[in-house]
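First up is the structure itself, then whatever we jot down about it.
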Amino acid sequence: MTQCPFRLFVFDLDGTLIDSERDIADSANQLLASCGTQTLDEDSIAQMVGEGAGLLVQRAFAAAGAPAPPDALARFLAIYDSRLLERTRPYDGMAEALETLGRRAALAVLTNKPIALTRRLLDALDLARHFSHDAVIGGDGPFPRKPDSTGLQHLIAQAGATEASTLLVGDSIIDWRTAKQAGTVVCLARYGFGFRTFPLAELGRDERFIDAPGDLLRL
């Protein structure tokens, strides 16, 4: 077996570890409908994901052509909390990939999702066992949200890794910018919903790509 070149794999959550597109979209549309505003198609909402729930809510109301009420974010989070696991599942093959990767390197999660929701999802989907408690960073913790790389750099130092021996796995331009800012290797999940709007002209020659979680085992 070829030795793994990475000491640390850092994963985005939505669109990378888990397929949460439908539950996020349904929650956003429930909020819009409760405000008497037109709803949006699922793909349009999926393109708004990646920079935190606050921006998602702002973008949804802007796309619907209506002002967001002052409590829109709180209402969205309450709705999403109630339907967090209706359809959300790990991507096929992800659990098996994590099992194997965890024997080769340290694993971590870096997401802009609130940490409480992140931990609930990881626990309920039986993914939490692959990550130590302090190796999961959410968007409302002590570090700025991605694409700021402070959280990623903290995970690198904590794992005793280096930028060159760290692979950030994500599906969006936000993940790509985070890795570039930190100087780590980046792997883009083309199966994730964030990749649909990735500006391909931004890509260089050193990115890696996967079309399924199992592809990580061949990097």
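Annotation: extensible slack from His133 through Gln47 equals 28.0 nm (criterion: 0.36 nm per residue apart, minus Cα-Cα distance). For the chain, the 222 nm mean residue ellipticity estimated from helices alone, with every DSSP H stretch of n ≥ 4 adding -39500 (n - 2.57) and the total spread over all residues, rounds to -10500 deg cm²/dmol.
Rounded to 0.05, the FRET efficiency of the Glu86 and Gln181 pair, given R0 = 41 Å and the Cβ-Cβ distance, is 0.75.
Cβ-Cβ distance of Leu55 and Ala124, R₀ of 25 Å, FRET efficiency by 1/(1 + (r/R0)^6): the value works out to about 0.50. Taking label points 7 Å from Cα along the Cα-to-Cβ direction, Leu217 and Arg103 give a separation of 0.9 nm. Highest-first packing order for the peptide set 163-172, 67-76 is 163-172, 67-76, based on the mean count of other beta carbon atoms within 10 Å. Beta-bridge orientation, the chain: approximately 10 percent antiparallel, per DSSP, counting only bridges with both partners inside. Using 19 Å as the cut-off for backbone N distance, which residues of the stretch 66-85 belong to the label zone defined by a point 7 Å from the Cα of Gln38 along Cα→Cβ? Inside the label zone: 66-69.
Values quoted throughout were computed directly from the atomic coordinates according to the rules given, and no laboratory measurement underlies them. Values in this document were obtained by computation on a predicted structure and should not be read as measured data. Using ideal geometry, Cβ is built from the backbone for each residue, glycine included, and neighbour counts are taken over all protein chains shown.
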